[in-house]
Structure formats: C-alpha cells, structure tokens
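Asks: Sharing a structure below in structure tokens format, with a few things to ask.
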Amino acid sequence: MAQVVVRNVSKVHIPLKGEPLLALHGVSFHVEDNEFFSIVGPSGCGKTTLLNLLAGFETPTRGELLVGGQTIREPGWERAVVFQEYALFPWYTVVQNIAYGLKRKRLPEAEQRDLTDHYIGLVGLRGFEKRYPRELSGGMRQRVSIARALAVKPSILLMDEPFASLDIQTREFMQDELLKIWQRERKTVIFVTHSIDEAIKLSDRVAIMTPRPGHIEEIKTVDSARPRDMTHAAMVQLAADVKRWLRQQLFESTPA
C-alpha cells in the first residue's frame with residue numbers, strides 16, 4: 001500500500017471579497033514509502049496549496065488525502081514541513097531552533113540533547129550551535145530548518161521550494177547535501193519546486209501540474225542512478241520533454 005494517497009482532491013479558496021477561486025481540480029497520485037517525489041508546475045497552479053493540504057494546514061473542498069491509510073485531518077508529527085523562507089525564530093540559537101519541536105513533544109531533556117546533537121552533525125553545523133539565524137548564510141539557515149524538521153522523527157518530509165531564495169551555486173550545493181541526508185536517513189519526501197532540473201536531479205518521480213486549476217496529468221519516472229549528471233543526454237532530454245509539455249499547457253490555457 002502506498003504511504004501517501006491523494007484521491008480526486010479539489011480545493012476552492014473562498015475570499016472575503018470577490019469570486020471563489022478553484023485552485024486544484026481532481027488531483028490524484030500516490031507516493032511510496034521512502035520515495036523522493038517532486039511536484040513541478042507554473043506559478044499559481046496550486047503546488048503550495050497541495051502541500052498545505054498534505055501538511056493538514058488546510059482541508060480539501062472535495063476528495064481525500066491519506067497517510068498510512070488514515071485521512072489527514074490536521075497537522076501531525078509524522079509530517080514535517082520545510083518552508084522556503086526558513087521560518088526560524090530569530091531570537092533562538094541554532095540549537096534552540098532545532099530543539100523547538102522536541103520541546104513541544106515534551107521529550108526528556110537528555111533525549112532532546114542527543115537528537116539535537118545528532119542532527120547538527122547530520123546537516124554539517126558543528127561549531128555553529130550557539131549562532132543566531134542572522135549570523136548564518138542562507139544555505140546554513142536552511143540546514144537548520146531541515147535539521148529541525150528531521151529531529152521530530154517524521155516519516156514524511158514536505159518541502160516547499162526550500163532552495164528557491166538561494167544563489168545558483170548554493171542551491172546546487174544544498175541539493176547535493178539534501179540527497180546525502182536523505183540517503184543516510186530515508187524519509188518519504190514530497191518536494192515542491194519551480195525548477196524542472198532540480199526535480200529531475202533529486203527525484204524518483206516528478207509530477208507535472210497544469211496551470212490553475214491545478215491538475216496532475218503527467219508523472220515522469222527518473223530511471224538514473226544518483227548522483228545524476230544533468231548534462232547527460234538522457235537527463236537533458238527528460239528536462240526538455242517536461243519543459244515542452246509545460247509550455248504547451250501554458251499556451252493552451254492562455255486566452256486568445
């Protein structure tokens with residue numbers, strides 16, 4: 001049985017003023033245990049809305065979302081989220097930020113220290129334990145966010161464009177670091193990104209969303225061992241196929 005099942009999900013946003021907005025329509029897919037699954041699509045297609053539904057921050061207008069056969073009704077520790085904008089507490093040090101969820105779970109202090117120390121080492125932040133977010137680079141802040149998410153021992157990691165605000169060199173470095181972390185401690189990862197190359201580099205499968213209302217009509221399997229050379233002919237061809245498909249979707253959705 002798939003770990004995550006999204007079945008015929010639609011979402012309508014009801015604003016205080018103006019017309020209702022259909023963000024998602026009839027979205028269906030499944031994600032296997034420990035799979036790295038990415039979602040790409042044009043701006044405004046509902047990628048973040050879909051991730052919020054999986055996190056339990058919002059509820060679907062229609063359809064259902066299941067984890068382990070159970071309906072998602074609210075946020076849960078088994079689903080940790082890494083946001084694009086880090087979402088760190090500026091008044092907390094690296095250690096305090098990573099330990100935040102552990103305190104909320106009311107774990108014994110000795111266990112909190114052990115887990116925090118483990119994940120500081122895993123993400124390569126030894127020596128920065130007492131630094132504040134303002135003293136860290138963007139890549140290091142995102143490492144803190146990833147460590148904080150992993151520390152609560154989720155089975156599913158939801159990542160909403162976590163590297164979008166980084167420069168290209170740091171972004172590529174963080175992609176490599178994320179893969180190393182994922183290979184050491186396997187989780188199911190659902191990764192939202194605008195970057196087709198990033199999705200292909202990281203993922204087992206890539207779901208492509210149509211323009212709003214978002215709908216998944218195509219899921220590509222990436223049959224290549226990691227680490228992947230994105231200049232290899234097969235990777236270049238796959239990226240070109242996805243980009244061509246998206247351009248066609250955008251062309252068809254644009255009013256004449």
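The values are calculated or read from the model by the stated rules, or taken from the named source; none is laboratory data. What you see is a predicted model; the values in this text were computed from it and never measured. Because the Cβ atoms are built from the backbone with ideal geometry, glycine has one as well, and the counts that use them run over all protein chains shown. Side chains included, ligands, DNA and RNA excluded: accessible areas come from the protein's heavy atoms. Shrake-Rupley method; radii C 1.70, N 1.55, O 1.52, S 1.80 Å.
Asks: Please verify whether Lys153 is open to solvent by 70 Å² or more (accessible area, probe 1.4 Å), out of contact with any Pro (no Cβ under 6 Å at 6 or more places or on another chain), at pLDDT 90 or above and not β-branched (Val, Ile, Thr), treating the condition exactly as stated.
Replies: yes
Asks: Have a look at Arg113, Arg104 and point out the one that is more than 25 Å from Ile156 (Cβ to Cβ) and open to solvent by 50 Å² or more (accessible area, probe 1.4 Å).
Replies: Result of the check over Arg113, Arg104: Arg113.
Asks: Among the listed residues Leu246, Leu250, which satisfies the condition of being at pLDDT below 85, of a type in the set (A, V, I, L, M), surrounded by fewer than 19 Cβ atoms within 10 Å (Cβ to Cβ) and farther than 21 Å from Trp182 by Cα?
Replies: None of the others qualify; the one that does is Leu250.
Asks: Sticking with this one: Scan (1) open to solvent by 80 Å² or more (accessible area, probe 1.4 Å); (2) in a loop (DSSP other than H, G, I, E, B) for the single condition Pro42 breaks and write down its number.
Replies: (1)
Asks: Do we have any residue at all in the range 164-178 that's at pLDDT below 95, open to solvent by 70 Å² or more (accessible area, probe 1.4 Å), over 26 Å from Met209 (Cβ atoms) and touching a Phe, Trp or Tyr at 6+ places or on another chain (Cβ under 9 Å)?
Replies: The answer is no; no qualifying residue exists.
Asks: Of all the helices (runs of 4 or more DSSP H) wholly in the range 125-213, which have at least 1 residues that are more than 15 Å from the chain's Cα centre (by Cα) and of a type in the set (S, T, N, Q)?
Replies: Working: elements: 138-151, 168-184, 196-202.
By residue number, 168-184.
Asks: From the list Val31, Val9, which residue is among the β-branched types (Val, Ile, Thr), within 27 Å of Leu238 (Cα to Cα) and either open to solvent by 70 Å² or more (accessible area, probe 1.4 Å) or in contact with a strand residue (DSSP E or B) (Cβ under 8 Å, 6 or more places away or on another chain) (or both)?
Replies: Val31 is the lone residue from the list that is among the β-branched types (Val, Ile, Thr), within 27 Å of Leu238 (Cα to Cα) and either open to solvent by 70 Å² or more (accessible area, probe 1.4 Å) or in contact with a strand residue (DSSP E or B) (Cβ under 8 Å, 6 or more places away or on another chain) (or both).
Asks: Can you tell me which residues in the range 62-83 are open to solvent by 60 Å² or more (accessible area, probe 1.4 Å), outside any strand (DSSP E or B) and under 19 Å from Val12 (Cβ atoms)?
Replies: Across the range 62-83, the qualifying residue is only Arg73.
Asks: Moving on. Which one of Arg184, Arg148 is closer than 30 Å to Ala99 by Cβ and open to solvent by 60 Å² or more (accessible area, probe 1.4 Å)?
Replies: On the way: Arg148 fails: open to solvent by 60 Å² or more (accessible area, probe 1.4 Å).
Of the residues listed, the single one that is closer than 30 Å to Ala99 by Cβ and open to solvent by 60 Å² or more (accessible area, probe 1.4 Å) is Arg184.
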